[in-house]
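Student: Have a look at the structure that comes next, please.
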Amino acid sequence: MQNILKKIPKIDKIINHSLLDGLCKKLLTKIAKQKIEILREDVLSGKVCDVDESSIAQEIKKAYENVLEPSLKPLINATGVILHTNMGRSLVSKTLLQRASKVICNYSNLEYDLDKGKRGERYEHVSNHLKQLLHVEDVLVVNNNASAVFLILNTFAKRKEVVVSRGELVEIGGSFRIPEVMKQSGAKLQEVGATNKTKLSDYKEAISPKTAMLMKVHQSNFSIEGFSESVDFKQIQTLAKAYGLIDYFDVGSGYVGELPYNLGNKEPSLEQILSCDPSLISFSGDKLFGSVQAGIIAGKKELIARLKKNQLLRMLRVDKITLALLEESIKAYLQEEYELIPTLWMLHQSVEKLEQRALHVRSFVGENICDVVHSQTYMGGGTLPNRTFATIALHVKGKAVNLERQFRKHGIIGRIENDKFLLDFRSILPEFDEDLGKTIKIIAKEFE
Ligand SMILES: *Cc1c(COP(=O)(O)O)cnc(C)c1O
(Lines give C-alpha, C1' and ligand atoms only; values in the text may rest on other atoms or scores of the structure.)
Protein backbone atom coordinates (compact mmCIF):
# COMPACT_ATOMS: atom_id res chain seq x y z
CA MET A 1 0.00 0.00 0.00
CA GLN A 2 2.87 2.31 0.84
CA ASN A 3 4.11 1.78 -2.69
CA ILE A 4 0.82 2.81 -4.17
CA LEU A 5 0.67 5.91 -1.94
CA LYS A 6 4.12 6.85 -3.17
CA LYS A 7 2.92 6.69 -6.72
CA ILE A 8 0.32 9.42 -6.11
CA PRO A 9 1.77 12.49 -7.83
CA LYS A 10 2.51 15.79 -6.08
CA ILE A 11 0.02 18.60 -6.76
CA ASP A 12 2.68 20.75 -8.48
CA LYS A 13 3.53 17.95 -10.80
CA ILE A 14 0.06 16.80 -11.72
CA ILE A 15 -1.23 20.28 -12.56
CA ASN A 16 1.57 20.57 -15.12
CA HIS A 17 0.53 17.37 -16.86
CA SER A 18 0.27 17.87 -20.64
CA LEU A 19 -3.45 17.03 -20.54
CA LEU A 20 -4.01 20.13 -18.42
CA ASP A 21 -2.05 22.56 -20.59
CA GLY A 22 -3.58 26.01 -20.91
CA LEU A 23 -5.95 25.64 -17.95
CA CYS A 24 -5.95 28.05 -15.01
CA LYS A 25 -3.31 26.85 -12.50
CA LYS A 26 -5.08 28.28 -9.49
CA LEU A 27 -8.34 26.51 -10.21
CA LEU A 28 -6.41 23.33 -11.15
CA THR A 29 -4.58 23.37 -7.81
CA LYS A 30 -7.84 23.64 -5.93
CA ILE A 31 -9.40 20.74 -7.81
CA ALA A 32 -6.23 18.61 -7.76
CA LYS A 33 -6.03 18.94 -3.96
CA GLN A 34 -9.57 17.62 -3.59
CA LYS A 35 -9.00 14.78 -6.05
CA ILE A 36 -5.70 13.68 -4.52
CA GLU A 37 -7.20 13.76 -1.04
CA ILE A 38 -10.00 11.44 -2.13
CA LEU A 39 -7.54 9.20 -3.97
CA ARG A 40 -5.36 8.90 -0.85
CA GLU A 41 -8.37 7.83 1.22
CA ASP A 42 -9.43 5.33 -1.43
CA VAL A 43 -5.94 3.79 -1.47
CA LEU A 44 -5.89 3.56 2.34
CA SER A 45 -9.28 1.89 2.43
CA GLY A 46 -8.22 -0.53 -0.27
CA LYS A 47 -10.79 0.75 -2.78
CA VAL A 48 -8.04 1.66 -5.23
CA CYS A 49 -5.05 -0.60 -5.75
CA ASP A 50 -3.21 1.16 -8.49
CA VAL A 51 -2.75 4.73 -9.67
CA ASP A 52 -1.53 6.23 -12.88
CA GLU A 53 -0.87 9.85 -13.61
CA SER A 54 -2.65 10.25 -16.86
CA SER A 55 -5.97 8.91 -15.54
CA ILE A 56 -5.65 11.25 -12.52
CA ALA A 57 -5.01 14.16 -14.91
CA GLN A 58 -8.01 13.06 -16.93
CA GLU A 59 -10.22 13.11 -13.86
CA ILE A 60 -8.96 16.52 -12.83
CA LYS A 61 -9.74 17.80 -16.30
CA LYS A 62 -13.28 16.46 -16.10
CA ALA A 63 -13.82 18.06 -12.70
CA TYR A 64 -12.40 21.35 -14.02
CA GLU A 65 -14.87 21.32 -16.90
CA ASN A 66 -17.72 20.50 -14.53
CA VAL A 67 -16.90 23.51 -12.38
CA LEU A 68 -17.00 25.79 -15.40
CA GLU A 69 -20.10 24.24 -16.92
CA PRO A 70 -22.50 27.17 -17.44
CA SER A 71 -25.57 27.16 -15.26
CA LEU A 72 -27.61 29.37 -17.58
CA LYS A 73 -27.74 27.60 -20.93
CA PRO A 74 -29.28 28.59 -24.23
CA LEU A 75 -32.24 26.43 -25.23
CA ILE A 76 -34.34 25.96 -28.32
CA ASN A 77 -37.90 26.69 -27.26
CA ALA A 78 -39.97 24.31 -29.38
CA THR A 79 -43.02 24.44 -27.08
CA GLY A 80 -44.73 26.97 -29.35
CA VAL A 81 -45.30 29.26 -26.36
CA ILE A 82 -43.56 32.51 -27.31
CA LEU A 83 -43.66 34.20 -23.91
CA HIS A 84 -42.43 31.30 -21.81
CA THR A 85 -41.68 32.69 -18.34
CA ASN A 86 -39.59 29.64 -17.41
CA MET A 87 -37.41 30.21 -20.46
CA GLY A 88 -36.86 33.92 -20.08
CA ARG A 89 -39.97 35.46 -21.70
CA SER A 90 -39.07 37.89 -24.52
CA LEU A 91 -35.85 37.54 -26.48
CA VAL A 92 -33.47 40.43 -27.10
CA SER A 93 -32.48 40.79 -30.76
CA LYS A 94 -28.74 40.62 -31.43
CA THR A 95 -28.90 43.88 -33.36
CA LEU A 96 -30.44 45.71 -30.42
CA LEU A 97 -27.94 44.15 -28.04
CA GLN A 98 -25.14 45.39 -30.24
CA ARG A 99 -26.61 48.90 -30.40
CA ALA A 100 -27.04 48.96 -26.62
CA SER A 101 -23.54 47.61 -25.97
CA LYS A 102 -22.05 51.01 -26.78
CA VAL A 103 -23.64 52.33 -23.62
CA ILE A 104 -23.38 49.18 -21.52
CA CYS A 105 -19.63 48.76 -22.06
CA ASN A 106 -18.74 52.42 -21.66
CA TYR A 107 -19.21 55.26 -19.22
CA SER A 108 -22.38 57.13 -20.12
CA ASN A 109 -24.54 60.06 -19.12
CA LEU A 110 -26.73 57.68 -17.09
CA GLU A 111 -27.09 60.22 -14.29
CA TYR A 112 -25.09 63.08 -15.73
CA ASP A 113 -26.60 66.15 -17.36
CA LEU A 114 -24.37 66.95 -20.33
CA ASP A 115 -25.72 70.50 -20.78
CA LYS A 116 -25.31 71.54 -17.18
CA GLY A 117 -22.26 69.43 -16.30
CA LYS A 118 -24.08 68.28 -13.20
CA ARG A 119 -25.88 65.27 -11.82
CA GLY A 120 -28.75 64.29 -14.10
CA GLU A 121 -31.68 61.92 -13.97
CA ARG A 122 -31.44 58.22 -14.72
CA TYR A 123 -35.10 58.02 -15.73
CA GLU A 124 -35.05 60.85 -18.28
CA HIS A 125 -33.48 58.71 -20.99
CA VAL A 126 -36.12 56.12 -21.73
CA SER A 127 -38.95 58.33 -20.59
CA ASN A 128 -38.40 60.80 -23.42
CA HIS A 129 -38.56 58.02 -25.99
CA LEU A 130 -41.50 56.36 -24.29
CA LYS A 131 -43.44 59.62 -24.17
CA GLN A 132 -42.98 59.83 -27.94
CA LEU A 133 -44.15 56.28 -28.42
CA LEU A 134 -47.12 56.28 -26.06
CA HIS A 135 -48.17 59.96 -26.18
CA VAL A 136 -48.43 60.30 -22.42
CA GLU A 137 -47.46 63.10 -20.02
CA ASP A 138 -44.80 61.12 -18.21
CA VAL A 139 -43.29 57.69 -17.74
CA LEU A 140 -41.31 55.86 -15.05
CA VAL A 141 -39.48 52.55 -15.38
CA VAL A 142 -38.93 50.16 -12.46
CA ASN A 143 -37.59 46.65 -12.02
CA ASN A 144 -40.70 44.76 -13.19
CA ASN A 145 -44.45 45.18 -13.28
CA ALA A 146 -44.82 43.61 -9.83
CA SER A 147 -42.71 46.48 -8.45
CA ALA A 148 -44.74 48.98 -10.44
CA VAL A 149 -47.96 47.74 -8.81
CA PHE A 150 -46.34 47.83 -5.38
CA LEU A 151 -44.87 51.31 -5.80
CA ILE A 152 -48.17 52.78 -7.05
CA LEU A 153 -50.24 51.27 -4.24
CA ASN A 154 -47.69 52.23 -1.60
CA THR A 155 -47.45 55.81 -2.84
CA PHE A 156 -51.12 56.61 -3.28
CA ALA A 157 -53.08 54.15 -1.19
CA LYS A 158 -51.15 53.40 1.99
CA ARG A 159 -53.67 53.19 4.87
CA LYS A 160 -56.37 53.97 2.33
CA GLU A 161 -58.76 51.88 0.30
CA VAL A 162 -58.47 50.61 -3.25
CA VAL A 163 -61.57 49.34 -5.01
CA VAL A 164 -61.01 46.23 -7.17
CA SER A 165 -63.44 43.80 -8.79
CA ARG A 166 -63.55 40.28 -7.29
CA GLY A 167 -63.15 38.96 -10.83
CA GLU A 168 -59.72 40.59 -11.05
CA LEU A 169 -58.03 39.43 -7.84
CA VAL A 170 -55.62 37.35 -9.85
CA GLU A 171 -52.61 35.25 -9.03
CA ILE A 172 -49.89 35.42 -11.63
CA GLY A 173 -47.30 32.61 -11.92
CA GLY A 174 -44.62 32.60 -9.23
CA SER A 175 -47.19 33.47 -6.50
CA PHE A 176 -47.70 37.14 -7.28
CA ARG A 177 -51.19 37.65 -5.90
CA ILE A 178 -52.89 41.00 -6.18
CA PRO A 179 -54.52 40.82 -2.69
CA GLU A 180 -51.18 39.88 -1.09
CA VAL A 181 -49.28 42.63 -2.88
CA MET A 182 -51.89 45.13 -1.72
CA LYS A 183 -51.55 44.04 1.87
CA GLN A 184 -47.76 44.33 1.75
CA SER A 185 -47.97 47.78 0.20
CA GLY A 186 -50.15 49.02 3.05
CA ALA A 187 -53.24 49.52 0.89
CA LYS A 188 -56.60 48.15 1.99
CA LEU A 189 -58.42 46.08 -0.58
CA GLN A 190 -62.08 46.89 -1.10
CA GLU A 191 -63.44 43.98 -3.13
CA VAL A 192 -66.56 44.57 -5.16
CA GLY A 193 -68.92 42.50 -7.29
CA ALA A 194 -68.83 38.74 -7.71
CA THR A 195 -66.28 36.49 -9.39
CA ASN A 196 -68.20 36.48 -12.66
CA LYS A 197 -70.00 39.83 -12.54
CA THR A 198 -69.08 43.32 -11.48
CA LYS A 199 -71.13 46.40 -12.38
CA LEU A 200 -70.27 50.07 -12.36
CA SER A 201 -72.74 50.57 -9.51
CA ASP A 202 -70.67 48.13 -7.40
CA TYR A 203 -67.67 50.42 -7.69
CA LYS A 204 -69.79 53.47 -6.95
CA GLU A 205 -71.30 51.98 -3.79
CA ALA A 206 -67.86 50.98 -2.48
CA ILE A 207 -66.47 54.51 -2.59
CA SER A 208 -65.98 55.93 0.92
CA PRO A 209 -64.02 58.86 2.40
CA LYS A 210 -61.09 56.43 2.78
CA THR A 211 -61.00 55.48 -0.91
CA ALA A 212 -57.86 56.57 -2.77
CA MET A 213 -58.07 54.66 -6.01
CA LEU A 214 -60.20 52.62 -8.38
CA MET A 215 -58.02 49.88 -9.82
CA LYS A 216 -58.51 47.56 -12.77
CA VAL A 217 -56.32 44.47 -13.13
CA HIS A 218 -55.91 42.55 -16.35
CA GLN A 219 -57.06 38.98 -15.81
CA SER A 220 -53.83 37.82 -17.46
CA ASN A 221 -53.78 34.08 -17.21
CA PHE A 222 -57.45 33.18 -17.18
CA SER A 223 -60.74 34.28 -18.68
CA ILE A 224 -64.31 33.95 -17.55
CA GLU A 225 -66.62 32.65 -20.23
CA GLY A 226 -70.40 32.54 -20.21
CA PHE A 227 -72.51 34.50 -17.73
CA SER A 228 -70.09 37.28 -16.93
CA GLU A 229 -69.81 41.03 -16.90
CA SER A 230 -67.00 43.43 -16.14
CA VAL A 231 -66.67 47.18 -16.31
CA ASP A 232 -64.65 48.90 -19.01
CA PHE A 233 -61.68 50.87 -17.85
CA LYS A 234 -63.18 53.95 -19.50
CA GLN A 235 -66.22 53.78 -17.22
CA ILE A 236 -64.12 53.19 -14.11
CA GLN A 237 -62.01 56.13 -15.07
CA THR A 238 -64.98 58.45 -15.55
CA LEU A 239 -66.31 57.42 -12.15
CA ALA A 240 -62.90 58.01 -10.50
CA LYS A 241 -62.73 61.47 -12.04
CA ALA A 242 -66.18 62.38 -10.76
CA TYR A 243 -65.08 61.53 -7.21
CA GLY A 244 -61.60 63.02 -7.45
CA LEU A 245 -59.95 59.58 -7.17
CA ILE A 246 -57.00 58.06 -8.99
CA ASP A 247 -57.79 55.47 -11.66
CA TYR A 248 -55.13 52.84 -12.26
CA PHE A 249 -55.03 49.97 -14.75
CA ASP A 250 -52.52 47.17 -14.21
CA VAL A 251 -52.47 46.13 -17.86
CA GLY A 252 -49.97 43.29 -17.33
CA SER A 253 -49.01 42.63 -20.91
CA GLY A 254 -49.29 45.91 -22.79
CA TYR A 255 -48.52 45.97 -26.49
CA VAL A 256 -47.84 48.55 -29.15
CA GLY A 257 -49.15 48.28 -32.70
CA GLU A 258 -51.41 45.47 -33.82
CA LEU A 259 -51.80 41.83 -32.92
CA PRO A 260 -52.76 39.29 -35.60
CA TYR A 261 -56.47 39.89 -36.28
CA ASN A 262 -57.77 36.85 -34.43
CA LEU A 263 -55.99 37.86 -31.21
CA GLY A 264 -56.29 41.63 -31.26
CA ASN A 265 -60.06 41.89 -31.15
CA LYS A 266 -60.37 41.18 -27.41
CA GLU A 267 -57.16 42.70 -26.16
CA PRO A 268 -56.88 46.50 -26.35
CA SER A 269 -53.50 47.96 -27.27
CA LEU A 270 -51.67 50.46 -25.08
CA GLU A 271 -52.70 53.13 -27.55
CA GLN A 272 -56.38 52.29 -27.08
CA ILE A 273 -56.06 52.16 -23.29
CA LEU A 274 -54.13 55.43 -23.14
CA SER A 275 -56.55 57.21 -25.46
CA CYS A 276 -58.97 57.58 -22.54
CA ASP A 277 -56.38 59.62 -20.66
CA PRO A 278 -55.97 57.50 -17.50
CA SER A 279 -54.31 58.66 -14.27
CA LEU A 280 -51.88 55.73 -14.31
CA ILE A 281 -51.30 52.42 -16.06
CA SER A 282 -48.47 49.90 -15.75
CA PHE A 283 -47.27 46.93 -17.79
CA SER A 284 -44.34 44.51 -18.14
CA GLY A 285 -41.41 45.28 -20.40
CA ASP A 286 -40.84 41.63 -21.32
CA LYS A 287 -44.31 40.34 -22.12
CA LEU A 288 -46.03 41.42 -25.35
CA PHE A 289 -44.01 44.65 -25.34
CA GLY A 290 -41.13 42.33 -26.26
CA SER A 291 -38.20 43.97 -24.51
CA VAL A 292 -36.30 43.38 -21.25
CA GLN A 293 -37.62 42.75 -17.74
CA ALA A 294 -39.01 46.06 -16.53
CA GLY A 295 -42.17 47.62 -15.14
CA ILE A 296 -43.31 50.57 -17.20
CA ILE A 297 -45.58 53.12 -15.53
CA ALA A 298 -47.26 55.77 -17.70
CA GLY A 299 -49.67 58.54 -16.88
CA LYS A 300 -50.10 61.97 -15.34
CA LYS A 301 -46.98 64.02 -14.74
CA GLU A 302 -47.87 65.08 -11.22
CA LEU A 303 -48.55 61.48 -10.17
CA ILE A 304 -45.30 60.20 -11.68
CA ALA A 305 -43.51 63.01 -9.79
CA ARG A 306 -44.97 61.69 -6.53
CA LEU A 307 -43.85 58.15 -7.39
CA LYS A 308 -40.33 59.46 -7.93
CA LYS A 309 -40.33 60.94 -4.40
CA ASN A 310 -41.11 57.57 -2.78
CA GLN A 311 -37.94 56.19 -1.13
CA LEU A 312 -38.95 52.74 -2.34
CA LEU A 313 -38.05 53.73 -5.88
CA ARG A 314 -34.38 53.44 -4.96
CA MET A 315 -34.93 49.75 -4.22
CA LEU A 316 -36.82 49.15 -7.44
CA ARG A 317 -34.31 51.03 -9.55
CA VAL A 318 -33.29 49.59 -12.90
CA ASP A 319 -29.73 49.09 -14.05
CA LYS A 320 -28.12 50.78 -17.07
CA ILE A 321 -28.20 47.46 -18.95
CA THR A 322 -31.98 47.43 -18.70
CA LEU A 323 -32.28 51.09 -19.61
CA ALA A 324 -29.96 50.81 -22.60
CA LEU A 325 -31.78 47.77 -24.01
CA LEU A 326 -35.20 49.21 -23.33
CA GLU A 327 -34.25 52.44 -25.06
CA GLU A 328 -33.15 50.49 -28.13
CA SER A 329 -36.43 48.53 -28.21
CA ILE A 330 -38.42 51.75 -28.00
CA LYS A 331 -36.37 53.33 -30.78
CA ALA A 332 -36.97 50.22 -32.89
CA TYR A 333 -40.71 50.71 -32.35
CA LEU A 334 -40.45 54.41 -33.26
CA GLN A 335 -38.70 53.51 -36.52
CA GLU A 336 -41.06 50.59 -37.19
CA GLU A 337 -38.21 48.06 -37.11
CA TYR A 338 -40.60 45.37 -35.89
CA GLU A 339 -38.29 42.58 -36.97
CA LEU A 340 -36.05 43.67 -34.05
CA ILE A 341 -38.77 42.79 -31.55
CA PRO A 342 -38.54 38.96 -31.71
CA THR A 343 -41.71 38.41 -29.66
CA LEU A 344 -43.82 40.31 -32.20
CA TRP A 345 -41.93 38.89 -35.12
CA MET A 346 -42.65 35.31 -34.02
CA LEU A 347 -46.28 36.11 -33.29
CA HIS A 348 -46.77 37.54 -36.78
CA GLN A 349 -45.07 34.72 -38.71
CA SER A 350 -47.61 33.28 -41.14
CA VAL A 351 -48.61 29.61 -40.97
CA GLU A 352 -47.40 29.23 -44.57
CA LYS A 353 -43.92 30.47 -43.61
CA LEU A 354 -43.78 28.13 -40.62
CA GLU A 355 -44.91 25.25 -42.80
CA GLN A 356 -42.18 25.92 -45.36
CA ARG A 357 -39.56 25.82 -42.61
CA ALA A 358 -40.96 22.63 -41.11
CA LEU A 359 -41.05 20.93 -44.54
CA HIS A 360 -37.47 21.98 -45.14
CA VAL A 361 -36.30 20.43 -41.86
CA ARG A 362 -38.35 17.29 -42.56
CA SER A 363 -36.76 16.86 -45.99
CA PHE A 364 -33.35 17.04 -44.32
CA VAL A 365 -34.27 14.57 -41.58
CA GLY A 366 -36.40 12.15 -43.55
CA GLU A 367 -40.12 11.44 -43.79
CA ASN A 368 -39.83 8.17 -41.91
CA ILE A 369 -38.77 10.11 -38.80
CA CYS A 370 -41.24 12.97 -38.66
CA ASP A 371 -44.39 14.55 -40.14
CA VAL A 372 -45.45 18.14 -40.45
CA VAL A 373 -48.67 18.83 -38.52
CA HIS A 374 -51.05 21.77 -38.09
CA SER A 375 -51.69 22.63 -34.47
CA GLN A 376 -52.71 25.41 -32.06
CA THR A 377 -50.59 27.22 -29.49
CA TYR A 378 -50.85 29.86 -26.75
CA MET A 379 -49.01 33.14 -26.27
CA GLY A 380 -48.06 32.38 -22.62
CA GLY A 381 -46.57 34.72 -20.03
CA GLY A 382 -49.95 35.62 -18.61
CA THR A 383 -51.17 37.08 -21.88
CA LEU A 384 -54.12 36.35 -24.14
CA PRO A 385 -55.51 33.65 -21.83
CA ASN A 386 -57.35 30.72 -23.40
CA ARG A 387 -56.79 32.17 -26.84
CA THR A 388 -55.18 29.71 -29.17
CA PHE A 389 -53.78 30.49 -32.57
CA ALA A 390 -52.57 28.48 -35.51
CA THR A 391 -49.11 27.02 -35.67
CA ILE A 392 -47.04 24.33 -37.40
CA ALA A 393 -45.05 21.58 -35.73
CA LEU A 394 -42.92 18.59 -36.56
CA HIS A 395 -44.29 15.44 -35.01
CA VAL A 396 -41.31 13.23 -34.21
CA LYS A 397 -42.42 9.61 -34.35
CA GLY A 398 -41.81 7.40 -31.33
CA LYS A 399 -42.72 7.22 -27.65
CA ALA A 400 -43.47 10.81 -26.66
CA VAL A 401 -42.19 10.79 -23.06
CA ASN A 402 -38.87 9.25 -24.10
CA LEU A 403 -38.45 11.68 -26.96
CA GLU A 404 -39.31 14.63 -24.72
CA ARG A 405 -36.59 13.60 -22.25
CA GLN A 406 -34.01 12.96 -24.95
CA PHE A 407 -34.60 16.27 -26.73
CA ARG A 408 -34.47 18.08 -23.38
CA LYS A 409 -31.00 16.56 -22.79
CA HIS A 410 -29.96 18.16 -26.06
CA GLY A 411 -31.32 21.55 -25.01
CA ILE A 412 -34.51 21.38 -27.09
CA ILE A 413 -37.79 21.74 -25.23
CA GLY A 414 -40.80 20.44 -27.13
CA ARG A 415 -44.35 19.59 -26.09
CA ILE A 416 -46.49 16.50 -25.89
CA GLU A 417 -49.96 16.66 -27.39
CA ASN A 418 -52.26 13.61 -27.54
CA ASP A 419 -49.27 11.35 -26.86
CA LYS A 420 -47.33 12.86 -29.74
CA PHE A 421 -44.04 14.65 -29.31
CA LEU A 422 -44.12 17.97 -31.18
CA LEU A 423 -41.49 20.55 -32.07
CA ASP A 424 -43.45 23.76 -32.66
CA PHE A 425 -41.97 26.27 -35.09
CA ARG A 426 -43.91 29.25 -33.72
CA SER A 427 -41.31 29.87 -31.00
CA ILE A 428 -38.17 28.73 -32.85
CA LEU A 429 -35.96 31.34 -34.49
CA PRO A 430 -35.18 30.33 -38.12
CA GLU A 431 -31.43 30.50 -37.45
CA PHE A 432 -31.84 27.32 -35.34
CA ASP A 433 -33.68 25.25 -37.97
CA GLU A 434 -30.46 23.63 -39.15
CA ASP A 435 -29.31 22.69 -35.62
CA LEU A 436 -32.75 21.34 -34.94
CA GLY A 437 -32.60 19.12 -38.02
CA LYS A 438 -29.18 17.77 -37.05
CA THR A 439 -30.30 17.01 -33.50
CA ILE A 440 -33.43 15.21 -34.70
CA LYS A 441 -31.18 12.99 -36.83
CA ILE A 442 -28.84 12.27 -33.90
CA ILE A 443 -31.71 11.40 -31.58
CA ALA A 444 -33.43 9.25 -34.23
CA LYS A 445 -30.16 7.25 -34.46
CA GLU A 446 -30.06 6.81 -30.68
CA PHE A 447 -33.58 5.33 -30.81
CA GLU A 448 -32.86 2.93 -33.63
C1 LIG B 1 -47.46 39.62 -15.41
C2 LIG B 1 -48.28 40.52 -14.60
C3 LIG B 1 -47.76 41.16 -13.45
C4 LIG B 1 -46.35 40.95 -13.02
O5 LIG B 1 -45.48 41.50 -13.94
P6 LIG B 1 -43.89 41.16 -13.89
O7 LIG B 1 -43.31 42.03 -14.94
O8 LIG B 1 -43.78 39.71 -14.16
O9 LIG B 1 -43.44 41.53 -12.53
C10 LIG B 1 -48.59 41.99 -12.74
N11 LIG B 1 -49.87 42.19 -13.10
C12 LIG B 1 -50.42 41.59 -14.19
C13 LIG B 1 -51.84 41.84 -14.53
C14 LIG B 1 -49.64 40.74 -14.97
O15 LIG B 1 -50.17 40.14 -16.05
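The values are calculated or read from the model by the stated rules, or taken from the named source; none is laboratory data. If you're wondering where the values come from, they're calculated on a predicted model, not measured in any experiment. Cβ placement follows ideal geometry from the backbone for every residue including glycine, while neighbour counts extend to all protein chains displayed. Just so you know, the surface numbers come from the protein's heavy atoms only, side chains and all, with ligands and any DNA or RNA stripped out. Shrake-Rupley method; radii C 1.70, N 1.55, O 1.52, S 1.80 Å.
Student: How many residues, within region 244-276, are modelled with pLDDT of 95 or more and open to solvent by 30 Å² or more (accessible area, probe 1.4 Å)?
Tutor: So the count comes out to 1.
Student: Name the residues in region 358-381 that are touching a residue at least 40 places away in the same chain (Cβ under 8 Å) and open to solvent by 70 Å² or more (accessible area, probe 1.4 Å), would you?
Tutor: 360, 364, 378
Student: Next question, about the same structure. Which one of these is more than 16 Å from the ligand (Cβ to nearest atom) and open to solvent by 10 Å² or more (accessible area, probe 1.4 Å): 347, 334?
Tutor: Of the residues listed, the single one that is more than 16 Å from the ligand (Cβ to nearest atom) and open to solvent by 10 Å² or more (accessible area, probe 1.4 Å) is 334.
Student: Can you name every residue in region 53-62 that is open to solvent by 30 Å² or more (accessible area, probe 1.4 Å) and touching a residue at least 24 places away in the same chain (Cβ under 8 Å)?
Tutor: If the condition is that a residue be open to solvent by 30 Å² or more (accessible area, probe 1.4 Å) and touching a residue at least 24 places away in the same chain (Cβ under 8 Å), then 53, 54, 58, 59, 61 are the ones that fit.
Student: Would you mind finding the one in 403, 384, 429 that is buried (at least 19 other Cβ atoms within 10 Å of the Cβ) and under 29 Å from residue 220 (Cα atoms)?
Tutor: On the way: 403 fails: under 29 Å from residue 220 (Cα atoms); 429 fails: buried (at least 19 other Cβ atoms within 10 Å of the Cβ).
Answer to the selection: 384.
Student: Follow-up. I'm trying to understand the selection: among the residues of region 313-329, which are of a type in the set (A, V, I, L, M) and buried (at least 16 other Cβ atoms within 10 Å of the Cβ)?
Tutor: Result: 313, 316, 318, 323, 324, 325, 326.
Student: Can you report the number of residues in region 158-179 which are within 12 Å of the ligand (Cβ to nearest atom) and of a type outside the set (Ser, Thr, Tyr)?
Tutor: Residues meeting the conditions: 11.
Student: Could you go through region 89-96 and let me know if any residue there is modelled with pLDDT of 95 or more, touching a strand residue (DSSP E or B) at 6+ places or on another chain (Cβ under 7 Å) and among the polar types (S, T, N, Q).
Tutor: Taking every residue of region 89-96 in turn, none turns out to be modelled with pLDDT of 95 or more, touching a strand residue (DSSP E or B) at 6+ places or on another chain (Cβ under 7 Å) and among the polar types (S, T, N, Q).
Student: Continuing with this model, one more query. Identify the residue in region 63-99 that is in contact (Cβ under 8 Å) with a residue 60 or more places away in the chain, away from the ligand (no atom under 16 Å from the Cβ) and open to solvent by less than 40 Å² (accessible area, probe 1.4 Å) and, among all such residues, is nearest to residue 26 (Cα to Cα).
Tutor: Looking at residues that are in contact (Cβ under 8 Å) with a residue 60 or more places away in the chain, away from the ligand (no atom under 16 Å from the Cβ) and open to solvent by less than 40 Å² (accessible area, probe 1.4 Å), I get 76.
Student: So which of 155, 195 is in a helix (DSSP H, G or I), on the phi < 0 side of the Ramachandran plot and more than 16 Å from the ligand (Cβ to nearest atom)?
Tutor: One residue alone meets the criteria, 155.
Student: Something else now. Do we find that residue 188 is in the same structural domain as residue 311 (by TED's automatic domain parsing), open to solvent by 30 Å² or more (accessible area, probe 1.4 Å) and either at pLDDT 90 or above or within 16 Å of the ligand (Cβ to nearest atom) (or both) in this structure?
Tutor: Yes: the conditions hold for residue 188.
Student: Still on this structure: Would you check if there is a residue in region 413-432 being among the hydrophobic types (A, V, I, L, M, F, W, C), more than 26 Å from the chain's Cα centre (by Cα) and over 26 Å from residue 269 (Cα atoms)?
Tutor: Of the residues in region 413-432, the ones among the hydrophobic types (A, V, I, L, M, F, W, C) are 413, 416, 421-423, 425, 428-429, 432.
Retained after the next criterion (residues that are more than 26 Å from the chain's Cα centre (by Cα)): none.
Scanning region 413-432, I find no residue that is among the hydrophobic types (A, V, I, L, M, F, W, C), more than 26 Å from the chain's Cα centre (by Cα) and over 26 Å from residue 269 (Cα atoms), so the answer is no.
Student: Every residue in region 68-97 that is hydrophobic (A, V, I, L, M, F, W, C) and in a loop (DSSP other than H, G, I, E, B), please.
Tutor: Listed by number, the residues that qualify are 72, 75, 78, 81, 82, 83, 91, 92.
Student: Do we find a residue being open to solvent by 30 Å² or more (accessible area, probe 1.4 Å) and modelled with pLDDT under 90 anywhere in region 202-209?
Tutor: No, because not a single residue in region 202-209 is open to solvent by 30 Å² or more (accessible area, probe 1.4 Å) and modelled with pLDDT under 90.
Student: To continue, here is another question. Take residue 407 and decide whether it is under 13 Å from residue 347 (Cα atoms), in the same structural domain as residue 369 (by TED's automatic domain parsing) and aromatic (Phe, Trp, Tyr).
Tutor: For residue 407, the condition - under 13 Å from residue 347 (Cα atoms), in the same structural domain as residue 369 (by TED's automatic domain parsing) and aromatic (Phe, Trp, Tyr) - is not met.
Student: What number of residues within region 223-243 are modelled with pLDDT under 90 and more than 30 Å from the chain's Cα centre (by Cα)?
Tutor: 4
Student: What number of residues within region 277-297 satisfy the criterion of being open to solvent by 20 Å² or more (accessible area, probe 1.4 Å) and closer than 20 Å to residue 137 by Cβ?
Tutor: Residues in region 277-297 being open to solvent by 20 Å² or more (accessible area, probe 1.4 Å) and closer than 20 Å to residue 137 by Cβ: 1 in total.
Student: Something else: Name every residue in region 374-421 that is in a helix (DSSP H, G or I) and either of a type in the set (S, T, N, Q) or closer than 25 Å to residue 288 by Cα (or both), in order of residue number.
Tutor: Passing the criteria: 402, 406.
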